[in-house]
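One structure, pasted below without further comment.
The values are calculated or read from the model by the stated rules, or taken from the named source; none is laboratory data. Keep in mind the model is a prediction, meaning the values are calculated, not measured. So basically every Cβ, Gly included, is an ideal-geometry build from the backbone, and we count neighbours across all protein chains shown. Remember, those area values only see protein heavy atoms, side chains included, never the ligands or the DNA or RNA. Shrake-Rupley method; radii C 1.70, N 1.55, O 1.52, S 1.80 Å.
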Amino acid sequence: MKKPPIIWANVTFFVVSTLMALVAAPLWGYFHGFAAWHWVALVVLFCYCNLSITAGYHRLWSHKTYQAHPALRWFFALGGALAIQNSVLHWSSDHRVHHRHVDNDDVDPYSAGRGFWYSHMGWMLREYQASRYQDYSNVRDLQKDPIVEFQHRHYWAMVWSLNLGLPILLGLALGDVFGALLMVGFVRLFLTHHTTFFINSLAHIWGRNTFSSKHSAKDNGFLALLTFGEGYHNFHHTFENDYRNGIRWFDYDPTKWLIKGASKLGLAKGLRKTPEEMIVKARLTRQLEEATEKAQAKGLCFAELHRHYEETLATAQRYFQLRKRWLQMKKAKLKQSVEALELRKQLEELGDKLGQLQAHWQKLRLQMA
Ligand SMILES: [Zn+2]
Ligand SMILES: [Zn+2]
């Protein structure tokens with residue numbers, strides 16, 4: 001099939017910015033050196049850009065996993081323009097199509113099924129999206145946000161003034177304009193681009209299907225380190241309305257911490273979380289699927305596995321039901337009531353039983369491995 005025409009503006013932009021970051025910046029560093037402030041500004045603006053994409057473009061606007069104060073929305077809209085990843089409106093429109101038609105090579109704008117290179121960058125280098133380039137029918141809700149509209153209308157003015165203005169001002173103040181343009185401009189942009197592009201490429205190729213095998217998205221703790229928490233992509237595609245991607249307290253998800261922190265300061269509200277029983281069910285079902293496949297391959301009997309799955313699932317669901325009720329009573333300051341004390345006793349017993357069931361479940365899974 002004939003490939004669509006090349007978008008020369010994008011190709012030139014990526015070639016120039018890559019050469020500036022990978023060739024010009026190291027040469028400048030070798031001959032002139034970089035000061036501590038170059039490195040500090042690089043890290044600060046890199047984090048600002050990436051978090052604007054993950055907490056703003058992605059979890060706020062594309063998925064509406066929480067609501068944000070206008071001050072925070074402006075902060076993210078400016079950071080997204082600094083990151084040069086298109087306007088909120090365009091990015092979110094693409095991303096909603098990606099979720100809706102994930103892995104459909106004809107519709108998913110950056111389908112990983114078309115290979116690493118295509119999902120990482122290739123999709124932006126040719127006119128693959130021409131037919132729906134101006135179609136914003138799936139983001140009408142976002143068009144009502146005046147900040148999104150303003151950023152979309154003045155996107156390029158914001159891109160140039162921020163990407164040239166910030167390094168130049170910093171360079172003028174600290175005495176190295178060209179070094180600032182290289183380090184705070186191009187190196188920062190190169191790092192921001194590739195670490196966010198990894199979410200479309202590697203996060204659909206490398207890692208585990210912890211919660212679902214219905215899509216190619218993977219959970220990968222190492223990728224989470226590079227992507228401000230977005231590496232828990234299997235969870236994200238399974239429960240896209242959750243403001244978290246890494247759900248365990250120790251999962252590295254700075255985007256989740258930023259949103260939670262903003263809510264403590266009154267800058268974010270309505271943080272959406274998936275009910276725990278749904279998460280447990282998805283994880284157990286996926287484990288059952290995996291263990292059954294292995295048992296079948298080895299010719300082992302998996303009847304006990306299925307029986308045990310049913311019992312563990314039923315106990316877990318009962319446990320979370322009771323816990324929800326207990327938390328409601330605690331909130332209503334009825335913790336010491338007879339009903340609450342009885343509930344608490346039942347919860348402790350069920351918790352112990354669930355722990356034993358889960359330990360046995362792990363043992364059964366290991367036997368199949
Ligand atoms: Zn998403
Ligand atoms: Zn994805």
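Checking LEU288 against (1) over 17 Å from ILE53 (Cα atoms); (2) within 13 Å of ligand 2 (Cβ to nearest atom): exactly one of these is not met. Which one?
Of (1) over 17 Å from ILE53 (Cα atoms); (2) within 13 Å of ligand 2 (Cβ to nearest atom), only one is false for LEU288: (2).
Okay, moving on. Report, by residue number, each residue of the stretch 124-139 that is in contact (Cβ under 8 Å) with a residue 24 or more places away in the chain and either of a type in the set (Ser, Thr, Tyr) or within 16 Å of ligand 1 (Cβ to nearest atom) (or both).
Scanning the stretch 124-139 gives TYR128, TYR136, ASN138, VAL139.
So, one more: Can you tell me which of (1) touching a helix residue (DSSP H, G or I) at 6+ places or on another chain (Cβ under 6 Å); (2) part of a loop (DSSP other than H, G, I, E, B); (3) surrounded by 16 or more Cβ atoms within 10 Å (Cβ to Cβ) is the one LEU334 doesn't meet?
Just one mismatch for LEU334, condition (3).
Next question. Going through the stretch 180-197 one residue at a time, which ones are of a type in the set (S, T, N, Q) and either closer than 14 Å to VAL43 by Cβ or outside any helix (DSSP H, G or I) (or both)?
THR192, THR195, listed by residue number.
In the stretch 25-70, which residues are without any contact (Cβ under 8 Å) to a residue 60 or more places away in the chain and outside any helix (DSSP H, G or I)?
Across the stretch 25-70, the qualifying residue is only GLY33.
Taking LYS214 as the residue in question, decide whether it is under 14 Å from the mean Cα position of the chain (by Cα), over 17 Å from ARG59 (Cβ atoms), among the basic types (Lys, Arg) and within 14 Å of ligand 2 (Cβ to nearest atom).
No.
Then there is this: Could you list, in sequence order, the residues of the stretch 127-157 that are surrounded by 13 or more Cβ atoms within 10 Å (Cβ to Cβ), at pLDDT 95 or above and either of a type in the set (A, V, I, L, M, F, W, C) or not in a helix (DSSP H, G or I) (or both)?
VAL139, LEU142, ASP145, ILE147, VAL148, PHE150, HIS154
Taking the condition of being touching a Lys or Arg at 6+ places or on another chain (Cβ under 6 Å) and closer than 24 Å to VAL43 by Cα, how many residues in the stretch 234-252 meet it?
Of the residues in the stretch 234-252, 1 are touching a Lys or Arg at 6+ places or on another chain (Cβ under 6 Å) and closer than 24 Å to VAL43 by Cα.
Continuing with this model, one more query. Tell me, which residue of the stretch 86-111 that is away from ligand 1 (no atom under 14 Å from the Cβ), on the phi < 0 side of the Ramachandran plot and open to solvent by 10 Å² or more (accessible area, probe 1.4 Å) is modelled with the highest pLDDT?
HIS90
This table checks each residue for (1) in contact with a Gly (Cβ under 9 Å, 6 or more places away or on another chain); (2) within 30 Å of GLU277 (Cα to Cα).
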residue: GLU149; (1), (2): no, no
residue: ARG153; (1), (2): no, no
residue: LEU166; (1), (2): yes, no
residue: HIS215; (1), (2): no, yes
residue: GLY229; (1), (2): yes, yes
residue: HIS233; (1), (2): yes, yes
residue: HIS237; (1), (2): no, yes
